Structure formats: structure tokens, C-alpha cells
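The values are calculated or read from the model by the stated rules, or taken from the named source; none is laboratory data. None of these values were measured; they are calculated from a predicted model. Every residue, glycine as well, gets a Cβ built from its backbone with ideal geometry; the counts of neighbours run over all protein chains shown. With ligands, DNA and RNA removed, areas are computed over all heavy atoms of the protein, side chains included. Shrake-Rupley method; radii C 1.70, N 1.55, O 1.52, S 1.80 Å.
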Amino acid sequence: MSKVISAHAVSVDGYITCRGPGAGRGLGHGTMLFDWYFDGDTPSQVFDGFRLSAPSARVFDALAGRVGAVVAGRNTYEDSDHFGGGSPHPTARLFVLSHRPAAEITERQALVTSGIEDAVAAAREAAGDKDVGLMGGGVVTEALKAGLVDEMVLHQVPVLLGGGRPFFQALPGHVRLRLVDAVPAPGVTHLHYKVER
Ligand SMILES: NC(=O)c1ccc[n+]([C@@H]2O[C@H](COP(=O)([O-])OP(=O)(O)OC[C@H]3O[C@@H](n4cnc5c(N)ncnc54)[C@H](OP(=O)(O)O)[C@@H]3O)[C@@H](O)[C@H]2O)c1
């Protein structure tokens with residue numbers, strides 16, 4: 001069965017955006033969470049226009065190549081200007097998880113309003129033998145609560161943002177993680193965990 005993976009760029013103090021994210025403003029002003037996408041000399045083989053350091057390109061492309069469908073939370077969808085009617089990934093179909101209708105959803109996207117289990121099930125079907133990627137702290141939290149997350153990657157950026165949208169949200173209990181890989185790279189450390197069950 002395909003895996004469910006979460007890979008997010010996170011500040012050391014646990015934020016996935018700067019202050020003031022939103023439609024037209026992306027991750028907010030002054031954030032450097034994604035600088036490592038563009039400040040290297042190795043082109044991504046999956047995402048056009050990304051130029052990463054060699055170690056980051058290896059990690060990033062290996063993950064991006066696994067993803068066959070994406071489940072994003074409504075906040076991510078709104079703050080990313082609806083991904084221009086497409087997907088955050090060049091080949092993976094987007095499923096947006098929300099409690100309410102979304103008039104802007106296109107035929108290249110799908111809205112799921114019946115919960116995280118249904119969103120992940122629909123994404124698994126679309127992904128075929130590839131994996132499902134999660135986007136957004138709220139969605140990852142819901143998926144952790146439902147026991148659906150297999151792997152978590154923190155692309156940890158050495159900055160204390162001091163505010164923004166927190167990645168880590170309240171859980172009903174402990175979730176044990178096992179570090180399976182740690183790759184230091186210019187401007188980011190890639191921490192790859194498996195979720196223990
Ligand atoms: N740094 C990174 O790598 C990275 C990656 C991805 C996203 N981001 C950023 O992170 C921010 C969003 O993160 P977030 O944690 O605020 O929000 P999120 O996870 O994107 O979205 C949360 C929303 O999803 C809906 N939702 C969540 N669980 C649900 C459930 N079980 N059933 C139905 N709907 C459910 C709810 O929307 P409604 O109740 O409003 O319908 C909820 O408010 C954005 O600014 C995005 O750009 C950063």
C-alpha cells in the first residue's frame with residue numbers, strides 16, 4: 001500500500017510560515033523557509049526552475065518523485081492562491097480538505113468535505129502505486145490523530161521566525177518518531193522520521 005508522507009520546511013521554532021501568510025502573500029513577508037529551493041546549482045529533476053544544493057536536490061527529488069497525489073488543507077489552498085487551479089506538484093493531483101464548499105475548485109482539483117480518512121483514501125486511489133503527500137499543519141495533525149502518517153520530513157531551516165503558522169498542533173497523546181536519515185545541507189537540515197505505531 002502507498003505511504004502517506006509529510007514534508008514541510010520548518011523553522012527551528014516550528015513555524016511553516018512567517019507572520020501574515022495569505023492569498024497574494026504566500027508564506028508571509030520576510031520568510032526564508034524556501035530559500036534552499038533556489039540558492040544552489042543543481043536543477044531539480046522534478047520541479048522546473050528549482051536549483052538546489054547537491055545534497056538538498058538528492059533529498060528533495062527523491063521525495064518529490066514518490067508523490068502521486070497531494071492532500072492540502074484549506075488554509076494552504078487559500079494562502080497559495082488555489083495553486084492557480086492546478087496542483088502544487090507537477091504531476092500529482094490535488095485534494096483539498098475542508099469543512100465547507102469551495103466554488104473555485106477546478107476539474108484538475110478535488111474537494112473533500114467528509115474528513116481526513118476520505119481525503120487520504122481518495123488520494124491513495126489517485127496515486128496508484130505512488131505515495132500521498134500532505135500539506136499544512138492542520139492536515140498533518142488530523143492525519144496523525146487518525147494514525148495515517150507513515151513518514152515525516154522536516155526540512156529544518158536555521159531561523160527562529162518568532163511567529164507565523166505553527167506546524168505542531170495539539171495531539172491527544174504521544175506520537176513516537178524514529179529518525180531514519182539526517183542530511184545537513186547549505187541553509188537547511190533534512191530530518192527524515194518514520195512514525196512508529
Ligand atoms: N513550510 C511549508 O513547507 C509549508 C507546506 C505547506 C503549507 N504551508 C503553509 O501552511 C499554511 C497552512 O497551514 P495550516 O496548518 O494553517 O492549515 P492547513 O492544514 O493547510 O488547513 C487547515 C484547514 O483545513 C481544513 N481541515 C483540516 N482538517 C479537516 C478535517 N478533518 N475535515 C475537514 N476540513 C479539515 C479546515 O478548513 P476549514 O474548516 O476552513 O474548511 C482547516 O482550518 C499556509 O500558509 C501554507 O502556505 C507551508
Coordinate range along principal axes, alpha carbons of the chain, Å, largest first: 40, 39, 34
Quarter of Cα convex hull surface for the stretch 73-120, i.e. mean projection, nm²: 3.1 nm²
Alpha-carbon Debye profile of the stretch 64-166, log10 I(q)/I(0) at 0.10, 0.18 Å⁻¹: -0.27, -0.86
Carbon + sulfur, % of accessible area of the chain - ligands and nucleic acids excluded, 1.4 Å: 53 percent
Cβ-Cβ FRET estimate between ALA170 and ASP81, R0 fixed at 22 Å, reported to 0.05: 0.15
Compactness of the stretch 143-197 as Cα Rg over 2.2 N^0.38 Å, two decimals: 1.27
The chain - mean residue ellipticity at 222 nm from DSSP helices (-39,500 (n - 2.57) per run, n ≥ 4, rounded to 500): -6000 deg cm²/dmol
Peptide ranges 169-175, 83-89, 189-195 listed from the most packed, as the mean C-beta count within 10 angstrom indicates: 189-195, 83-89, 169-175
